[in-house]
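No lab work stands behind these numbers, since they all come straight from the coordinates. None of these values were measured; they are calculated from a predicted model. Here the Cβ is made from the backbone with ideal geometry for all residues, glycine too, and neighbour counts use every protein chain on show.
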Ligand code: NDP
C-alpha cells in the first residue's frame with residue numbers, strides 16, 4: 001500500500017523504539033519522513049530509512065525548546081513541503097517513590113512528555129491551517145494515561161495531560177480538517193522498558209533482569225509484550241483516509257492489558 005505517497009510526516013523521538021517503528025511504517029507506505037531526537041544518532045536512523053528507498057532526514061531537536069521545534073517544522077517544509085502528519089512521540093520516564101521524587105524529575109517529565117507535545121501540536125496546527133490542507137496529529141500517551149502505575153506519579157500526570165490536550169485540541173481544530181488523536185501503548189519492548197524492568201524490578205521486589213516485565217506480561221490477556229510495529233500500525237490507521245471521522249480519541253495498543261482502571265500492577269493481587 002502507498003497510502004502516504006508524497007505526504008510529509010514528522011515523528012519526534014523517531015530515532016529508535018516506538019518512534020522509529022512508526023517512521024518505518026510511514027516510510028514503507030510512501031511517506032517522506034522527518035525524524036527528530038536529541039541525540040546525534042538521529043541522522044543514522046534517517047539513513048536506515050533511506051536505505052529502504054524512502055526519503056528521510058534526521059533533525060536534532062529538543063521538543064522542550066520552542067525555537068528548536070519551530071526549526072524542525074521549517075526543515076520539514078524545506079525538505080518535503082507542508083507537513084501532513086505529525087507524531088508527538090518523544091517521551092521520558094523515571095521511577096521514584098513519592099518521598100524521593102524531585103522537582104527536577106517532575107519538571108523534566110512534564111517538559112518532554114506534555115509541554116513537548118503542546119509545542120509540536122501548536123507549531124503543526126499553525127502550519128496546517130496556513131497550508132489549508134488540514135492534517136493529522138498523533139500524540140503518544142500511555143497505559144498510564146488510563147491507570148497510573150506505582151512510583152510514577154509524574155509520568156502518569158504527564159500522560160493524562162496528553163490525553164486531555166488531545167481532546168481539547170481536537171475540538172478546536174475540527175473545522176480546520178485536522179484530527180487529533182492519542183495512542184496508549186501498554187508494554188512495548190524498547191529501551192524504555194529495559195529501564196522500567198530494572199528500576200521497578202528493584203523497587204518492587206527481588207526481580208532479576210526481565211523478570212518484572214515477564215510477570216507483568218502475564219497480566220496481559222494475550223500473554224505477550226507488544227512491539228513498536230503494533231503501535232505503528234495504529235498510527236498509520238489514524239493517519240489514513242479511513243480514519244477521517246475519528247478525532248479526540250485515545251486508543252490503547254496493549255494486548256488487552258487495560259480495559260478499565262481495574263488492573264493493578266505492583267498491587268497486592270499481583
Ligand atoms: P525510548 O526511550 O526507546 O525512546 C524515547 C525517544 O524519545 C527517543 O527517541 C529519545 O531521543 C526521544 N526523546 C527523549 N527526550 C526528548 C526530547 N527532549 N526531545 C526530543 N526527543 C526526545 O522510548 P519508547 O520508544 O519506548 O517510547 C516512545 C513513546 O511511547 C514515549 O512517549 C513513551 O512515553 C511512550 N510509551 C512507551 C511505552 C513502552 O512500553 N515502551 C508504553 C507507553 C508509552 P534520544 O534517543 O535522542 O534520547
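What angle do you read, to the nearest 10 degrees and between 0 and 90, between the alpha-carbon axis of helix 116-131 and the longest principal axis of the chain?
The angle comes out near 20 degrees.
Work out Dmax and Rg for the chain from the C-alpha atoms and quote the Rg first, both in angstrom.
18.0, 56
Helix-derived [θ] at 222 nm for the chain: sum -39500 (n - 2.57) over DSSP H runs of at least 4, divide by residue count, nearest 500?
Values: 9 runs with 115 residues, N = 270.
Taking each H run of at least 4 residues, the total per residue is -13500 deg cm²/dmol.
Normalising by the residue count of the chain, find the relative contact order in percent from Cα pairs under 8 Å and 6+ residues apart. Could the numbers behind the result be given before it?
Details: 543 pairs, mean separation 50.5, N = 270.
Once normalised by length, the contact order is 19 percent.
How big is the C-alpha Rg of region 112-196 next to the rule-of-thumb value 2.2 N^0.38 Å, as a ratio?
Numbers: Rg = 14.2 Å, N = 85, 2.2 N^0.38 = 11.9 Å.
The reported ratio for this selection is 1.19.
Compute a Gaussian network model of the chain, connecting alpha carbons closer than 10 Å, and tell me which residue from 65, 206, 194 fluctuates the most.
Taking springs between Cα atoms under 10 Å, the residue moving most is 206.
I'd like the orientation of helix 191-204 relative to the chain: the angle between its Cα long axis and the longest Cα principal axis, in ° from 0 to 90, rounded to 10.
Rounded to the nearest ten degrees, it is 20.
Over region 152-270, calculate the relative contact order: mean separation of alpha carbon pairs under 8 Å at least 6 apart, over the residue count, as a percent. Intermediate results must be reported in sequence, preceding the final value.
On the way: 129 pairs, mean separation 41.5, N = 119.
Once divided by the residue count of region 152-270, the mean separation gives 35 percent.
Arranged by the count of other C-beta atoms within 10 angstrom, fewest first, what order do 195, 73, 245 take? Mind showing how you got there, number by number?
Numbers: 195 14, 73 23, 245 6.
Neighbour counts put them in this order, fewest first: 245, 195, 73.
Using only the Cα atoms of region 160-217, build the gyration tensor, take square roots of its eigenvalues as a ≥ b ≥ c, and label the shape rounded, prolate or oblate: rounded if a/c is under 1.5, else prolate if a/b is larger than b/c, else oblate.
prolate
For the chain, modelled as a Gaussian network with Cα springs under 10 Å, which listed residue fluctuates most, 42, 83, 217?
Ranking 42, 83, 217 by mean-square fluctuation puts 217 first.
I'd like the orientation of helix 42-51 relative to the chain: the angle between its Cα long axis and the longest Cα principal axis, in ° from 0 to 90, rounded to 10.
Around 60 degrees separate the two axes.
Take the alpha carbon atoms of region 45-86, find their center, do the same for region 1-30, and report the distance between the two centers in whole angstrom.
For region 45-86 versus region 1-30, the Cα centre distance is 11 Å.
Per residue, how big is the convex hull of region 149-270 when only Cα atoms are used? Give it in Å³. Spell out each step's value before the answer.
Details: hull volume 13.8 nm³, N = 122.
For region 149-270, the hull spanned by Cα atoms encloses 113 Å³ per residue.
Using a ≥ b ≥ c from the Cα gyration tensor of region 10-155 (square roots of the eigenvalues), is it rounded, prolate or oblate, where a/c under 1.5 gives rounded and otherwise the larger of a/b and b/c decides, a/b for prolate? Intermediate values should be presented prior to the final figure.
Values: a/c = 2.04, a/b = 1.66, b/c = 1.23.
Note, shape of region 10-155 comes out prolate.
Pick from 58, 208, 17 the residue whose mean-square fluctuation is largest in a GNM of the chain, springs joining Cα atoms under 10 Å.
Checking each option, the largest mean-square fluctuation is seen for 208.
Taking 8 Å as the Cα distance limit and 6 or more residues as the minimum spacing, I'd like the relative contact order of region 98-163 as a percentage. Don't skip to the end; give the middle numbers.
On the way: 47 pairs, mean separation 29.3, N = 66.
44 percent.
Using alpha carbons only, how many angstrom separate the centre of region 234-257 from the centre of region 165-215?
15 Å
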